[in-house]
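Enquirer: Shown below is the structure under consideration.
The values are calculated or read from the model by the stated rules, or taken from the named source; none is laboratory data. Here the structure is a predicted model, which is why all the values come from computation and not from measurement. Don't worry about glycine lacking a Cβ; one is built from the backbone with ideal geometry, like all the others, and counts go over all protein chains shown. Side chains included, ligands, DNA and RNA excluded: accessible areas come from the protein's heavy atoms. Shrake-Rupley method; radii C 1.70, N 1.55, O 1.52, S 1.80 Å.
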Amino acid sequence: DIYINQNTTLAGNVFVNRNLNLVANSLTTGGNLHLKSTSAASTARINGGTNASITGNVNFERFLPWAGAGNNGFRFATHSLRTAPVINTVSGLPVATNTLILFNETTNSYEGISNRAGTWPLAAGYGVWTNAANTLTYSGEPQLNSVGPISLPRANAGWHYLGNPFPSVLDWEAVTRTQVDNAIYIWEKDNTGEGNGVWG
(Lines give C-alpha, C1' and ligand atoms only; values in the text may rest on other atoms or scores of the structure.)
Protein backbone atom coordinates (compact mmCIF):
# COMPACT_ATOMS: atom_id res chain seq x y z
CA ASP A 1 0.00 0.00 0.00
CA ILE A 2 1.05 3.59 -0.64
CA TYR A 3 0.05 6.53 1.56
CA ILE A 4 0.15 10.15 0.35
CA ASN A 5 0.04 12.44 3.39
CA GLN A 6 1.80 15.49 1.98
CA ASN A 7 1.73 17.34 -1.33
CA THR A 8 3.61 15.12 -3.75
CA THR A 9 4.75 15.32 -7.37
CA LEU A 10 5.86 12.11 -9.04
CA ALA A 11 9.18 12.44 -10.84
CA GLY A 12 9.16 8.89 -12.22
CA ASN A 13 6.93 5.86 -12.67
CA VAL A 14 5.09 4.54 -9.61
CA PHE A 15 3.25 1.21 -9.89
CA VAL A 16 0.48 0.47 -7.37
CA ASN A 17 -0.66 -3.14 -6.97
CA ARG A 18 -3.05 -2.73 -4.04
CA ASN A 19 -4.15 0.55 -2.41
CA LEU A 20 -3.25 4.18 -3.01
CA ASN A 21 -4.40 6.07 0.10
CA LEU A 22 -4.87 9.84 -0.18
CA VAL A 23 -4.85 11.62 3.18
CA ALA A 24 -6.10 15.19 2.58
CA ASN A 25 -3.19 16.22 0.37
CA SER A 26 -2.57 16.61 -3.34
CA LEU A 27 -0.77 14.32 -5.75
CA THR A 28 0.54 15.52 -9.12
CA THR A 29 1.10 12.48 -11.30
CA GLY A 30 2.87 13.81 -14.39
CA GLY A 31 1.39 10.73 -16.08
CA ASN A 32 3.67 8.54 -13.95
CA LEU A 33 1.06 6.79 -11.78
CA HIS A 34 0.05 3.25 -12.81
CA LEU A 35 -2.77 1.33 -11.12
CA LYS A 36 -2.07 -2.33 -11.92
CA SER A 37 -4.54 -5.18 -12.41
CA THR A 38 -2.87 -8.56 -12.63
CA SER A 39 -5.62 -11.05 -11.72
CA ALA A 40 -9.30 -11.25 -10.90
CA ALA A 41 -8.37 -10.80 -7.23
CA SER A 42 -5.65 -8.16 -7.60
CA THR A 43 -6.66 -4.75 -8.93
CA ALA A 44 -5.28 -1.53 -7.45
CA ARG A 45 -7.69 1.09 -6.13
CA ILE A 46 -7.69 4.63 -4.72
CA ASN A 47 -8.93 5.28 -1.20
CA GLY A 48 -9.93 8.82 -0.21
CA GLY A 49 -9.45 12.08 -2.02
CA THR A 50 -11.50 14.24 -4.36
CA ASN A 51 -10.97 15.40 -7.94
CA ALA A 52 -8.79 18.19 -6.51
CA SER A 53 -6.53 15.66 -4.80
CA ILE A 54 -5.04 14.25 -8.02
CA THR A 55 -3.74 16.37 -10.88
CA GLY A 56 -2.64 14.67 -14.08
CA ASN A 57 -3.41 11.41 -15.80
CA VAL A 58 -3.44 8.02 -14.14
CA ASN A 59 -2.78 4.84 -16.15
CA PHE A 60 -5.43 2.25 -15.31
CA GLU A 61 -5.50 -1.50 -15.93
CA ARG A 62 -8.48 -3.87 -15.76
CA PHE A 63 -7.72 -7.59 -15.90
CA LEU A 64 -10.31 -9.78 -17.67
CA PRO A 65 -10.00 -13.41 -16.50
CA TRP A 66 -10.04 -16.44 -18.77
CA ALA A 67 -9.46 -20.13 -18.03
CA GLY A 68 -9.79 -21.94 -21.36
CA ALA A 69 -12.17 -22.33 -24.31
CA GLY A 70 -15.11 -23.21 -22.06
CA ASN A 71 -14.57 -19.88 -20.34
CA ASN A 72 -15.05 -17.76 -23.48
CA GLY A 73 -17.70 -15.10 -23.02
CA PHE A 74 -18.49 -11.53 -22.07
CA ARG A 75 -16.92 -9.82 -19.08
CA PHE A 76 -18.58 -6.57 -18.09
CA ALA A 77 -16.39 -3.57 -17.40
CA THR A 78 -16.48 0.19 -17.11
CA HIS A 79 -13.97 3.01 -16.74
CA SER A 80 -13.33 5.34 -13.78
CA LEU A 81 -12.31 8.57 -15.51
CA ARG A 82 -13.73 12.07 -15.05
CA THR A 83 -13.88 12.58 -18.81
CA ALA A 84 -15.38 9.81 -20.92
CA PRO A 85 -12.62 8.22 -23.04
CA VAL A 86 -12.96 7.61 -26.76
CA ILE A 87 -13.61 3.88 -27.06
CA ASN A 88 -10.80 3.20 -29.53
CA THR A 89 -8.26 4.72 -27.12
CA VAL A 90 -8.90 1.89 -24.63
CA SER A 91 -6.36 -0.79 -25.48
CA GLY A 92 -7.17 -4.48 -25.11
CA LEU A 93 -10.70 -4.25 -26.54
CA PRO A 94 -11.53 -6.87 -29.19
CA VAL A 95 -12.12 -5.43 -32.65
CA ALA A 96 -14.43 -7.96 -34.33
CA THR A 97 -18.13 -7.14 -34.81
CA ASN A 98 -20.33 -7.66 -31.74
CA THR A 99 -17.36 -8.28 -29.41
CA LEU A 100 -18.15 -5.06 -27.51
CA ILE A 101 -21.78 -4.78 -26.43
CA LEU A 102 -24.09 -2.65 -24.33
CA PHE A 103 -27.49 -3.30 -22.81
CA ASN A 104 -30.19 -1.21 -24.49
CA GLU A 105 -32.69 -0.55 -21.71
CA THR A 106 -35.34 0.75 -24.13
CA THR A 107 -35.41 -2.44 -26.21
CA ASN A 108 -34.44 -4.70 -23.28
CA SER A 109 -31.71 -6.35 -25.36
CA TYR A 110 -27.96 -6.39 -25.94
CA GLU A 111 -26.50 -4.75 -29.03
CA GLY A 112 -23.05 -4.40 -30.52
CA ILE A 113 -21.18 -1.09 -30.35
CA SER A 114 -20.11 -0.33 -33.90
CA ASN A 115 -18.92 3.27 -33.44
CA ARG A 116 -15.55 2.86 -31.77
CA ALA A 117 -14.84 6.58 -32.36
CA GLY A 118 -17.60 7.44 -29.87
CA THR A 119 -17.07 7.94 -26.14
CA TRP A 120 -17.60 5.47 -23.31
CA PRO A 121 -20.12 7.18 -20.99
CA LEU A 122 -19.53 7.43 -17.25
CA ALA A 123 -20.98 4.45 -15.33
CA ALA A 124 -21.88 2.59 -18.54
CA GLY A 125 -21.16 -1.14 -18.29
CA TYR A 126 -19.93 -2.66 -21.54
CA GLY A 127 -19.64 -6.36 -22.28
CA VAL A 128 -16.19 -7.28 -23.60
CA TRP A 129 -15.87 -10.62 -25.43
CA THR A 130 -12.96 -12.52 -23.90
CA ASN A 131 -11.40 -15.63 -25.46
CA ALA A 132 -7.94 -15.26 -23.89
CA ALA A 133 -6.49 -13.66 -20.78
CA ASN A 134 -6.62 -9.94 -21.42
CA THR A 135 -6.08 -6.59 -19.72
CA LEU A 136 -7.82 -3.35 -20.68
CA THR A 137 -5.71 -0.21 -20.29
CA TYR A 138 -6.75 3.44 -20.42
CA SER A 139 -5.51 6.77 -19.13
CA GLY A 140 -6.99 9.98 -17.74
CA GLU A 141 -7.84 11.86 -14.55
CA PRO A 142 -9.70 9.61 -12.09
CA GLN A 143 -13.27 10.26 -10.97
CA LEU A 144 -13.07 10.84 -7.21
CA ASN A 145 -16.01 13.19 -6.54
CA SER A 146 -19.58 12.14 -5.93
CA VAL A 147 -21.46 11.33 -9.13
CA GLY A 148 -25.08 11.93 -9.86
CA PRO A 149 -27.80 11.93 -10.47
CA ILE A 150 -27.63 9.29 -13.20
CA SER A 151 -30.89 9.22 -15.14
CA LEU A 152 -32.05 5.77 -16.17
CA PRO A 153 -33.67 5.70 -19.63
CA ARG A 154 -36.51 3.23 -19.11
CA ALA A 155 -39.92 4.82 -18.71
CA ASN A 156 -41.26 1.72 -16.94
CA ALA A 157 -39.97 -1.06 -14.70
CA GLY A 158 -37.01 -3.04 -16.00
CA TRP A 159 -33.28 -3.67 -15.87
CA HIS A 160 -30.43 -1.21 -16.37
CA TYR A 161 -26.75 -2.09 -16.58
CA LEU A 162 -24.43 0.24 -14.66
CA GLY A 163 -20.75 0.08 -13.78
CA ASN A 164 -18.89 1.45 -10.77
CA PRO A 165 -17.63 4.90 -11.90
CA PHE A 166 -14.92 5.09 -9.22
CA PRO A 167 -11.41 3.58 -8.96
CA SER A 168 -12.43 2.16 -5.57
CA VAL A 169 -15.00 -0.11 -3.99
CA LEU A 170 -18.61 1.09 -4.01
CA ASP A 171 -20.98 0.75 -1.05
CA TRP A 172 -24.38 0.11 -2.65
CA GLU A 173 -26.11 0.99 0.63
CA ALA A 174 -24.57 4.48 0.43
CA VAL A 175 -26.04 5.11 -3.04
CA THR A 176 -29.15 7.30 -3.00
CA ARG A 177 -31.81 5.55 -5.10
CA THR A 178 -35.14 6.82 -6.39
CA GLN A 179 -37.54 4.20 -7.79
CA VAL A 180 -34.70 1.66 -7.83
CA ASP A 181 -34.91 -1.67 -5.99
CA ASN A 182 -32.43 -2.61 -3.27
CA ALA A 183 -31.09 -5.68 -5.07
CA ILE A 184 -28.21 -5.56 -7.54
CA TYR A 185 -26.95 -8.45 -9.67
CA ILE A 186 -23.44 -9.21 -10.90
CA TRP A 187 -22.60 -11.45 -13.87
CA GLU A 188 -20.41 -14.41 -12.91
CA LYS A 189 -18.83 -16.16 -15.90
CA ASP A 190 -18.24 -19.90 -15.41
CA ASN A 191 -16.37 -22.70 -17.21
CA THR A 192 -19.35 -24.80 -18.32
CA GLY A 193 -19.42 -23.54 -21.91
CA GLU A 194 -18.87 -20.59 -24.18
CA GLY A 195 -21.00 -17.66 -23.02
CA ASN A 196 -22.39 -19.52 -19.97
CA GLY A 197 -22.62 -17.98 -16.55
CA VAL A 198 -25.09 -16.79 -13.95
CA TRP A 199 -26.41 -13.54 -12.52
CA GLY A 200 -25.85 -13.61 -8.77
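Enquirer: Taking amide H positions as placed in the peptide plane 1.01 Å from N, state which residues far from Leu144 in sequence (5 or more) or on other chains have amide H under 5 Å from it.
Expert: Sorted by chain and number, the residues that satisfy this are Asn51.
Enquirer: Next up: Calculate, for Ser91 and Thr178, the FRET efficiency according to 1/(1 + (r/R0)^6) with r their C-beta to C-beta distance and R0 30 Å; round to the nearest 0.05.
Expert: My answer for the efficiency is 0.25.
Enquirer: Mind checking the full-extension length gain between Tyr110 and Asp1? Use 0.36 nm per residue of separation minus the Cα-Cα distance, one decimal, nm.
Expert: 35.4 nm
Enquirer: Then there is this: What is the spin-label model distance, in nm, from Val198 to Thr137 if the labels are put 7 Å beyond Cα along the C-beta direction?
Expert: Label-label distance for Val198 and Thr137, simple model: 3.6 nm.
Enquirer: Still on this structure, please answer the following. With θ set to phi - 60°, apply the Karplus curve 6.51 cos²θ - 1.76 cosθ + 1.60 along the range 153-167 and write out the HN-Hα couplings as whole Hz, x wherever there is a Gly or Pro.
Expert: 3J(HN,Hα) across the range 153-167, in whole Hz: x, 5, 8, 9, 5, x, 8, 10, 10, 10, x, 5, x, 10, x.
Enquirer: Taking the chain as the region of interest, what is the percent of Cα-Cα pairs per 5 angstrom bin, listed from the shortest bin to the one with the maximum distance?
Expert: 1, 7, 14, 19, 18, 17, 12, 7, 3, 1, 0
Enquirer: Probe of 1.4 angstrom, ligands and nucleic acids ignored: what's the accessible area per residue over the range 1-63, in square angstrom?
Expert: Averaged over the residues of the range 1-63, the accessible area is 52 Å².
Enquirer: Run the simple label-point estimate for Val14 and Thr38 please: 7 Å along Cα→C-beta, distance reported in nm.
Expert: 1.9
Enquirer: Volume per residue, Å³, of the convex hull around the alpha-carbon atoms of the range 94-152? If you can, show how the numbers build up before the last one.
Expert: Details: hull volume 7.2 nm³, N = 59.
Dividing the Cα hull volume of the range 94-152 by its residue count gives 122 Å³.
Enquirer: Now for a different question. Per q in 0.13, 0.21, 0.23, 0.25 1/Å, what log10 I(q)/I(0) does a Debye calculation on the alpha-carbon atoms of the range 1-60 return?
Expert: Here the Debye-derived log intensity ratios amount to -0.29, -0.76, -0.91, -1.06.
Enquirer: Could you state the per residue volume, in Å³, of the convex hull enclosing the Cα atoms of the range 62-119?
Expert: About 112 Å³ per residue, rounded to a whole number.
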